[in-house]
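Beneath this line is the structure, given in structure tokens, with notes to follow.
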Amino acid sequence: MPITNPSREEIREILQKAKRIAVVGLSNNPERESYMVAKAMKDVGYEIIPVNPTIEEWEGIKAVKKLTDIDGHVDIVNVFRRSEHLPEIAREFVQIDADVFWAQLGVVNEEAYEFLKEKGYTVVMDRCIKVEHALTKQH
């Protein structure tokens, strides 16, 4: 099954509705892409949940080791891990029943995509959430 992302209009609706973004693989190094993207999303008002077993906190927010450690509903799971990790992360995603699985620019996995689509989830792959937010925000 070819990977098909939601339309720009659908992405705009996803980003307008979302409040909480769990960022898998979020680094506490300010020079890393995950840090910069998550900070930009935090700065425009999203609640960021750092998901990384190797850090204690990010920007003063306590990190969790895995998605299933998060309390409460998650709107978007934004993944900054290599493509081969996506199937495992997709299985965790289903356990927490978040709304949207979003793999960052350059991150694609057909197995994870098919698994999530078959379960009816919205999936975005190979797109930067920060760029999409900039492209779709209301003026």
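The values are calculated or read from the model by the stated rules, or taken from the named source; none is laboratory data. Being a predicted model, the structure only gives us computed values, none of them experimental. So basically every Cβ, Gly included, is an ideal-geometry build from the backbone, and we count neighbours across all protein chains shown. Accessible surface areas use protein heavy atoms only, side chains included; no ligands, DNA or RNA. Shrake-Rupley method; radii C 1.70, N 1.55, O 1.52, S 1.80 Å.
Here is how the numbers come out for the structure above:
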| item | result |
| --- | --- |
| Low-density loop positions, trypsin sites (Lys or Arg not before Pro), the range 40-93 - DSSP coil, at most 12 other Cβ in 10 Å | 65, 82 |
| Kirkwood-based shape ratio for the range 89-128, expressed as Rg/Rh from alpha carbons | 0.93 |
| Point-to-point label distance, residue 28-residue 135, nm (Cα→Cβ direction, 7 Å offset) | 3.3 |
| Answer label, with Cα extents along the principal axes in Å calculated from the coordinates and candidates (1) 40, 38, 28; (2) 113, 44, 21; (3) 36, 28, 27 | (1) |
| Backbone N within the range 114-139 under 16 Å of label point (7 Å from residue 4 Cα along the Cβ vector) | 114-125 |
| Cα-projected label distance for residue 54 with residue 126, points at 7 Å along beta-carbon direction, nm | 2.6 |
| Solvent-accessible area, 1.4 Å probe, carbon plus sulfur percent, for the range 30-139 | 45 |
| At most 12 other Cβ within 10 Å, DSSP loop - GluC sites (Glu not before Pro), the range 46-103 | 56 |
| Trypsin sites (Lys or Arg not before Pro) within the range 98-139: DSSP coil, no more than 14 neighbouring Cβ in 10 Å | 119, 137 |
| Heavy-atom accessible area per residue - the range 1-66, 1.4 Å, Å² | 58 |
| Area accessible to solvent at residue 1, 1.4 Å probe radius, in Å² | 100 |
| Residue (of 77, 18, 95) at the positive-pole extreme of the chain, dipole from beta-carbon charges | 18 |
